[in-house]
1. Which of the residues belonging to the range 27-48 are closer than 14 Å to Ile7 by Cβ, free of Cβ contacts under 8 Å to residues at least 40 places away in the same chain and part of a helix (DSSP H, G or I)?
2. For the range 107-159, which residues satisfy the criterion of being in a helix (DSSP H, G or I), without any contact (Cβ under 8 Å) to a residue 60 or more places away in the chain and over 14 Å from Phe83 (Cα atoms)?
3. So, in the range 311-350, exactly how many residues are touching a Lys or Arg at 6+ places or on another chain (Cβ under 7 Å) and among the hydrophobic types (A, V, I, L, M, F, W, C)?
4. Restricting attention to the range 278-323, which residues are in contact with a strand residue (DSSP E or B) (Cβ under 8 Å, 6 or more places away or on another chain) and either in a loop (DSSP other than H, G, I, E, B) or among the charged types (D, E, K, R) (or both)?
5. Sort out which residues of the range 32-50 are in contact with a helix residue (DSSP H, G or I) (Cβ under 7 Å, 6 or more places away or on another chain) and under 17 Å from Lys94 (Cβ atoms), and write them in order of number.
6. Of the residues that make up the range 49-56, is at least one within 21 Å of Gly344 (Cβ to Cβ), without any contact (Cβ under 8 Å) to a residue 60 or more places away in the chain and part of a loop (DSSP other than H, G, I, E, B)?
7. Restricting the first residue to the range 209-236 and requiring it to be over 17 Å from Gly247 (Cα atoms) and in the same structural domain as Ile191 (by TED's automatic domain parsing), which pairs with a second residue that is surrounded by fewer than 21 Cβ atoms within 10 Å (Cβ to Cβ) and of a type in the set (D, E, K, R) meet a Cβ separation below 6 Å and a spacing of at least six or different chains?
8. Restricting attention to the range 123-130, does a residue exist that is touching a helix residue (DSSP H, G or I) at 6+ places or on another chain (Cβ under 9 Å) and surrounded by fewer than 16 Cβ atoms within 10 Å (Cβ to Cβ)?
Amino acid sequence: MSNCPKIAFAGGGTGGHIYPGLAVAAELKKKECSVFWIGSKKELDRRIVEGTGIQFFDIPSGKLRRYFSLQNFADVFRTIAGFFAARNILKKEKPALLFSKGGFVSVPPVIAAFSLKIPVFTHESDFSPGLATRINSFFSEKILVSYHETVSKFKVQMRKKVQVTGNPVRRIFRSTDAESGRRFLGVEGPILLVLGGSQGAREINNIVMDNLEALTRFYTVVHQTGAMDAERTPPVSPRYKPLQYIGEEMPYILAAADMVLSRSGAGTVWECASAGKPMLLVPLRGSGTRGDQVENARFFEQAGAAIVQTDAKSIVQTALSLGEDESKLRAMSHAASEVGALDGTEEITRMILFRNHQKKHF
C-alpha cells in the first residue's frame, strides 16, 4: 500500500493556473498518491485536467474585481455557493492536504479546507501576489512563491509562512530536445514561436499578421492564435503554421523554437526558462490588468533572458535582428536556463510529501 495520501488541487481560469499544478500532480502520482482537482465550470479547465487522467470537480465561482461592478453582488453568492460545494467535495474525498494554484476559483476550496482543518499550501506564480493569493494566504499553512523578491511583498507577519520554490513546470519541458520538436513540426531552419496564452492575444496576433511577410523571410512562424482570431488567420503555408490552441504538443514545439514571441504570463515565461529559450516579451498592460505581466517581463529582462518591447515596429525589428545574432541568442538562452534551474516541481512535491510524513507522526 502506498504511503502517499490523497491530495486535492484547486485553481483554474487560465492555463497558467492549471499547468503548474498538473506538474506537481504528475510527480505525486508517480509516488502512488491519489489526486483530484477542484476547478471552475469552464469547459477548457475540465478538458485540460481530465486529459491527464485526474478526476475533476467543478464548483460555482465568482470573480474578485478590484473595481465597482454590479456583478460583484452576484459573485458574492456564487463564491458562497462555491464554498459549500467545495466543502462537500472535501468532506467526501478526505484529502490530507489541499494545494492551491490560484485563480478566483481557488478561494472557496481554500477556505473550505481551512474550515475542515485540512492543511493548505498555496502557490503564487507571478512576481507579485494576486488578490486570490492574498486572500488564500490567511488560510494557508505555507505560501509558496516563484521569485525571491516576492517574499517582501507580503506583510511582515505573513513572511514566516513564505518559501521560495520557483514555478512548477512539467518535467517534459526539461527533457524534450530540439530535434524531437522539429520532427514533430516537420520544420527545418529558424523557428519563431508566437504565443498569446491559452486564449490568444489580439495585440500579438495583429503584429504577426501585419508583418508576416517580413517575419517569414527569416523564420518559420508557429503561431498559437487562440479562438478569438482563428477565423481571420492567414492560411497555413510552409513558412507559417497557425494553431488555435497548443496543448500537450507544447513541450515539443517549444523545444524546437529558436525564439519565443509572447505575452509574459508566469506559466509561459517559466516554461520558456525551463527549456532555455530566449524571449521577446510583449506584456499585457494597461487599466485592465494589475501589472503582473509587466513585472514578470521586467524580471526576465533584467536576468538577461528576455527583451521587452511594446511597439509593433520595434518588436518585428528586434525579432529579425535577434535571429541573425547567434551570440546574443546563446547568451539569452543561458540566462533563461539559469533562472529555470530553480525546479519548483521537485521542491513542492518534496514539501507535500514531507508534510504528510509529519502529519502521520504527530
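1. Selection gives Lys29, Lys30.
2. Thr133, Arg134, Ser137, His148, Thr150, Val151, Ser152, Lys153, Val156, Gln157, Met158, Arg159
3. So the answer is 2.
4. Hits for the range 278-323 are Pro278, Val282, Pro283, Arg298, Glu301, Ala305, Gln309.
5. Val35, Phe36, Trp37, Ile38
6. yes
7. Thr216/Arg239; Thr220/Arg239
8. There is no residue in the range 123-130 that is touching a helix residue (DSSP H, G or I) at 6+ places or on another chain (Cβ under 9 Å) and surrounded by fewer than 16 Cβ atoms within 10 Å (Cβ to Cβ).
The values are calculated or read from the model by the stated rules, or taken from the named source; none is laboratory data. On a predicted model such as this, the values are computed, not experimentally measured, just so you know. FYI the Cβ positions are ideal-geometry reconstructions off the backbone, even for glycines, and counts take in every protein chain you see.
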